[in-house]
Ligand SMILES: [Zn+2]
């Protein structure tokens, strides 16, 4: 048994004493004097939460940036060189890189992780089988979800689609998508929506990762979400082209996005690096308009790492606070309200996407951040002070 005194439950906005006893976490209402004082740790108001979320990663590609060089720095080249390199990756190599990044994420406090895994004729289900082994091995410490991701499209290659369906049969948690890189983006999305519905899984797709204002497949995604009655189960990652359009174009789209409970996942580290490559002056940032999405439309956003040291993005430490800090810089977010918004975007909002509860009572794990407010945690990229694992508390 142990008691954490003065624990600030940031998502419930209250400071409490927490009792961990008999595989249970509960908020203590009794006076602390009756307990053995050696069991009490004073957190002095540090933030306690179930953990951070990182709802958009690519663990199968992580940590190969030095070996697989993207000379132009564009998304197109990254996809092309990855396609050639992919079949040469051994199972051992995939396992070790994935595990290393999961451990990095765990160290930084991530407890809910959703990763895209390429599924196609090139790699088949090799990476998926490996992430599922890791998902099972880590199940008492964190929640890992796999997204079966058709990085190379499927409309011109029937095998790719068969593997995608097989991935869902073999327990992939979520279905991914990338309409812009298939021969018919609308059909790509429609086929995915049918497949997601058939296997009762969420759809989490790469949408409009471009500066081209005319590319707005988000509109098709919204229409299909409504048509298939899939409200609250669809996530659109990137949505960069919204940032290339005027408010009068963007607002009606976001209004409809809210109506179908679409989640949006901005990925500032990757998009600051990849977008704006065609601009020679007034270089665009390429980050979806976070403030308008949240403040004007009340849409659920979850910020993620995306690529970690690979041909798509040479940066990354699998640290959600770092992603939030980059978003703060890139999206002009520096007020207390902004930091609270960004903190929710790497925790509570991601839990919503992954259909998880954020309340501390009855949780299987939690973290204590070495900071007392979201502002301090993000600006300081604060390490975690401690964490609960298997109902034991570890101070770092
Ligand atoms: Zn991605």
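Within the stretch 137-153, being within 16 Å of the ligand (Cβ to nearest atom) and over 9 Å from residue 113 (Cβ atoms) holds for 146, 147, 148, 149, 150, 151, 152, 153. On the stretch given as the stretch 361-380, residues that are buried (at least 23 other Cβ atoms within 10 Å of the Cβ) and either assigned to a loop (DSSP other than H, G, I, E, B) or without any contact (Cβ under 8 Å) to a residue 24 or more places away in the chain (or both) total 1. Scanning the stretch 197-211 for residues that are away from the ligand (no atom under 16 Å from the Cβ), modelled with pLDDT of 95 or more and either crowded, with 24+ Cβ neighbours inside 10 Å or not in a helix (DSSP H, G or I) (or both) yields 200, 201.
Being touching a residue at least 12 places away in the same chain (Cβ under 8 Å) and surrounded by fewer than 17 Cβ atoms within 10 Å (Cβ to Cβ) is a property that does not hold for residue 139. Each residue in the stretch 216-233 was checked for being more than 16 Å from the ligand (Cβ to nearest atom) and either assigned to a helix (DSSP H, G or I) or in contact with a strand residue (DSSP E or B) (Cβ under 6 Å, 6 or more places away or on another chain) (or both), and 9 pass. Taken together, 267, 262 contain a single residue that is in the same structural domain as residue 116 (by TED's automatic domain parsing), in contact with a strand residue (DSSP E or B) (Cβ under 8 Å, 6 or more places away or on another chain) and within 12 Å of the ligand (Cβ to nearest atom), which is 267.
Restricting the stretch 13-70 to residues that are surrounded by 21 or more Cβ atoms within 10 Å (Cβ to Cβ) and touching a helix residue (DSSP H, G or I) at 6+ places or on another chain (Cβ under 6 Å) leaves a set whose member that is modelled with the lowest pLDDT is 70.
Residue-wise test of (1) touching a residue at least 12 places away in the same chain (Cβ under 8 Å); (2) under 18 Å from residue 53 (Cα atoms); (3) in contact with a strand residue (DSSP E or B) (Cβ under 7 Å, 6 or more places away or on another chain); (4) buried (at least 24 other Cβ atoms within 10 Å of the Cβ).
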{"position": "96", "(1), (2), (3), (4)": "no, no, no, no"}
{"position": "99", "(1), (2), (3), (4)": "yes, yes, no, no"}
{"position": "114", "(1), (2), (3), (4)": "yes, yes, yes, yes"}
{"position": "146", "(1), (2), (3), (4)": "yes, yes, yes, yes"}
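Filtering the stretch 151-164 to residues that are without any contact (Cβ under 8 Å) to a residue 40 or more places away in the chain and either buried (at least 22 other Cβ atoms within 10 Å of the Cβ) or more than 22 Å from the chain's Cα centre (by Cα) (or both) leaves 154, 155, 156, 157, 158, 159, 161, 162.
When every residue of the stretch 304-321 is checked against the conditions, at least one turns out to be surrounded by 22 or more Cβ atoms within 10 Å (Cβ to Cβ), in the same structural domain as residue 103 (by TED's automatic domain parsing) and more than 16 Å from the ligand (Cβ to nearest atom). Just to verify a result, which residue in the stretch 75-85, among those that are in contact with a helix residue (DSSP H, G or I) (Cβ under 9 Å, 6 or more places away or on another chain) and under 14 Å from residue 118 (Cβ atoms), is surrounded by the most Cβ atoms within 10 Å (Cβ to Cβ)? By that ranking, first place goes to 78.
The criterion of at least 2 residues that are under 29 Å from residue 146 (Cα atoms) and within 16 Å of the ligand (Cβ to nearest atom) is met, among strands (runs of 3 or more DSSP E) falling completely within the stretch 1-79, by 52-57. Before we move on, is residue 243 more than 23 Å from residue 161 (Cβ to Cβ), in contact (Cβ under 8 Å) with a residue 40 or more places away in the chain and either assigned by TED's automatic domain parsing to the domain that holds residue 279 or more than 16 Å from the ligand (Cβ to nearest atom) (or both)? Taking the combined requirement at face value, the residue satisfies it.
You will find that of 157, 184, 116, the residue that is modelled with pLDDT of 95 or more, in the same structural domain as residue 343 (by TED's automatic domain parsing) and within 16 Å of the ligand (Cβ to nearest atom) is 116 and no other. Look at (1) under 21 Å from residue 110 (Cα atoms); (2) more than 16 Å from the ligand (Cβ to nearest atom); (3) outside any helix (DSSP H, G or I) and you find that residue 328 fails only one, number (3).
Among the residues of the stretch 234-241, is there at least one that is surrounded by fewer than 16 Cβ atoms within 10 Å (Cβ to Cβ) and modelled with pLDDT of 95 or more? The answer is no, given that none of the residues of the stretch 234-241 is surrounded by fewer than 16 Cβ atoms within 10 Å (Cβ to Cβ) and modelled with pLDDT of 95 or more. Every listed requirement among (1) more than 14 Å from the ligand (Cβ to nearest atom); (2) under 20 Å from the mean Cα position of the chain (by Cα); (3) not in a helix (DSSP H, G or I) is met by residue 283 save one, (2).
The values are calculated or read from the model by the stated rules, or taken from the named source; none is laboratory data. The structure displayed is predicted, hence computed values, not measured ones. Because the Cβ atoms are built from the backbone with ideal geometry, glycine has one as well, and the counts that use them run over all protein chains shown.
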